[in-house]
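No value in this document is a laboratory result; all are computed from the given coordinates. Quick caveat, the model's predicted, so the values are computed rather than measured. Positions of Cβ are generated from backbone atoms using ideal geometry, with glycine treated the same way; all protein chains shown enter the neighbour counts.
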Amino acid sequence: MIVSLIKYSYDGLVSHLNKDDKIILFACNTCIKFCDIGGRVRTRHLAEKLKSDGYNVIREESVGAACLLDQIEKKKADEATAKAFEDASVIIPLVCEDGLDNIKRVFPNAKAISVIKTIGLGIFSTEKGMVLTMPFEFTGLERNIDGYSLDDVAEKVGCYTGPYFDGNKVQE
Ligand code: SF4
């Protein structure tokens, strides 16, 4: 699976937002969910926090795999979602960097904030959660069959682990 971290704290995220932005949270439901970032529940928690802080979240959306371009294009074409994406001024993509490229391509008129740092490939288990086994070169880490914990890697590369908002682990 693709392994990702968060670039900004919550305060860092909102420093990129204005109160009059029309915001869509757009999550992937696969690898990044197992990194404690994407998925519907975490997206809902972040949306609730943003709304309670006065930000205008107009929609929460998710797809099975944001790296599949047709899944993103479907959101643009579907009657149920097209209007919200037309209206949105900001998209917060809770997807890996591949997914972010697709969102930027399909919705060029909204500002897609790059909040995620993708760091390599990893393995998920119920005992250890997600671990990083094949780090990207920029991390300065070697391959490790046992895997690096995401907390350790986040500290090394100056990022944060999920979930975005409150740090509590959530179940889906
Ligand atoms: S968009 Fe990224 S996180 Fe989502 S399924 Fe594809 S590779 Fe995994």
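Key figures
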| read-out | value |
| --- | --- |
| Residue count for segment 37-49, restricted to those that are assigned to a loop (DSSP other than H, G, I, E, B) and away from the ligand (no atom under 14 Å from the Cβ) | 0 |
| Segment 64-90 residues that are farther than 21 Å from N18 by Cβ, paired with ones that are in a loop (DSSP other than H, G, I, E, B) (beta carbon under 6 Å, 6 or more apart) | G64/N29; A65/T30; A66/V95 |
| Pick from segment 30-57, criterion surrounded by 19 or more Cβ atoms within 10 Å (Cβ to Cβ) and in contact with a Ser or Thr (Cβ under 7 Å, 6 or more places away or on another chain), ranking: farthest from G120 (Cα to Cα) | T43 |
| Selection within segment 65-83 - more than 14 Å from the ligand (Cβ to nearest atom) and in contact with a strand residue (DSSP E or B) (Cβ under 9 Å, 6 or more places away or on another chain) | K74, T81 |
| In segment 21-35, residue farthest from the chain's Cα centre (by Cα) [restricted to those that are farther than 17 Å from L100 by Cα and either of a type outside the set (K, R) or within 9 Å of the ligand (Cβ to nearest atom) (or both)] | D21 |
| Residue in segment 17-36 that is basic (K, R), in contact (Cβ under 8 Å) with a residue 24 or more places away in the chain and part of a loop (DSSP other than H, G, I, E, B) present | yes |
| Selection from segment 50-75 of residues that are among the β-branched types (V, I, T) and assigned to a helix (DSSP H, G or I) | I72 |
| Filtered residues of segment 99-127 (kept if of a type outside the set (A, V, I, L, M, F, W, C), assigned to a helix (DSSP H, G or I) and under 11 Å from the mean Cα position of the chain (by Cα)) | G99 |
| Leading residue by the ranking (surrounded by the most Cβ atoms within 10 Å (Cβ to Cβ)) among those in segment 1-16 that are within 16 Å of the ligand (Cβ to nearest atom) and not in a loop (DSSP other than H, G, I, E, B) | S4 |
